[in-house]
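There's a structure below that I have some questions on.
The values are calculated or read from the model by the stated rules, or taken from the named source; none is laboratory data. A quick note: this is a predicted structure, and the numbers were derived from the prediction, not measured. All Cβ positions, glycine included, derive from the backbone under ideal geometry; neighbour counts span all protein chains shown. All accessible areas refer to the heavy atoms of the entire protein, side chains included, with ligands and DNA or RNA removed. Shrake-Rupley method; radii C 1.70, N 1.55, O 1.52, S 1.80 Å.
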Amino acid sequence: LTVTGGRFEANRSNLPGHTANAVGGAVYLFNSTASFTDVLFFGNEAAWVGGAFYVLGTWGVVPRTTVRLERTSFFANHARPAPGQSAVSATQGGAIHAEDQVTVTVLDSAFENNSAAIGAAVNLYRSVLDVTGSIFRNHRAGAGDGFGATIAALSADQSDASTGNGAINRPNARVVLRDSLLQGPLDPALAAANSGGCLLA
């Protein structure tokens, strides 16, 4: 998938009556290679994870699932269920959620005002995030129990099919940040998160 220019705006997977595991408000990528250049993601919402993007790679699939984001902006995207409904667990990845064999490369891009209980901008599970020359500003994780207000990167293997029922130790999540700004809430009276006000790994 190659997208150059344009915008993804107000796309949702959290309309009333959604399933508790509804993901990828604007884009769902599975075992794919994708590139986005000069694109705006604005006001997209998912009920559980990946307010704008949900990216999933299957272990062992070649080539590895990759997403390249260049001069691309994520503004006011949210992972949150519809009023009166719930998600499977805490919401994750207000802008992007990447899981398993995935690498997300971010160049000269901006993330602002996105929200989720965990990883309000980006949430990783056993995936790689590589960022250069980008801005992350004004993110808040869930009140009370939220963590990793800008980026959360987790790697706790489960005893399930993805680990051969505990026989395989999958690679850790990995975060690389170069020449980038990560700035907390613009209101100094607001806590960014309960734990990991900027980054939790």
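Examine region 123-131 for a residue that is open to solvent by 50 Å² or more (accessible area, probe 1.4 Å), within 23 Å of Phe41 (Cβ to Cβ) and in contact with a strand residue (DSSP E or B) (Cβ under 7 Å, 6 or more places away or on another chain), and state whether such a residue exists. Give the steps one after another, and end with the answer.
Taking region 123-131 first, the residues open to solvent by 50 Å² or more (accessible area, probe 1.4 Å) are none.
No: region 123-131 contains no residue that is open to solvent by 50 Å² or more (accessible area, probe 1.4 Å), within 23 Å of Phe41 (Cβ to Cβ) and in contact with a strand residue (DSSP E or B) (Cβ under 7 Å, 6 or more places away or on another chain).
Listed here are the residues, each with its yes/no results for (1) touching a residue at least 60 places away in the same chain (Cβ under 8 Å); (2) outside any strand (DSSP E or B); (3) surrounded by 22 or more Cβ atoms within 10 Å (Cβ to Cβ).
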site	(1), (2), (3)
Thr66	no, no, no
Ser86	yes, yes, no
Gly94	no, yes, yes
Thr105	no, no, no
Phe111	no, no, yes
Ala149	no, yes, yes
Ala152	yes, no, yes
Asp157	no, yes, no
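Pick out the one residue from Asp100, Asp108 that is within 16 Å of the chain's Cα centre (by Cα), farther than 20 Å from Gly146 by Cβ, among the charged types (D, E, K, R) and at pLDDT 95 or above.
Values: Asp108 fails: within 16 Å of the chain's Cα centre (by Cα).
After ruling out the rest, the residue left standing is Asp100.
Would you check which residues across region 127-147 are touching a Pro at 6+ places or on another chain (Cβ under 7 Å) and assigned to a loop (DSSP other than H, G, I, E, B) and list them?
Listed by number, the list holds a single entry, Asn138.
Something else about it: Collect the residues in region 171-194 that are in a loop (DSSP other than H, G, I, E, B) and open to solvent by 50 Å² or more (accessible area, probe 1.4 Å), keeping them in residue-number order.
Just the residues of region 171-194 that are in a loop (DSSP other than H, G, I, E, B), to begin with: 171-173, 179-180, 184-194.
Residues satisfying the conditions are Pro171, Asn172, Asp179, Leu186, Asp187, Pro188, Ala189, Leu190, Ala191, Asn194.
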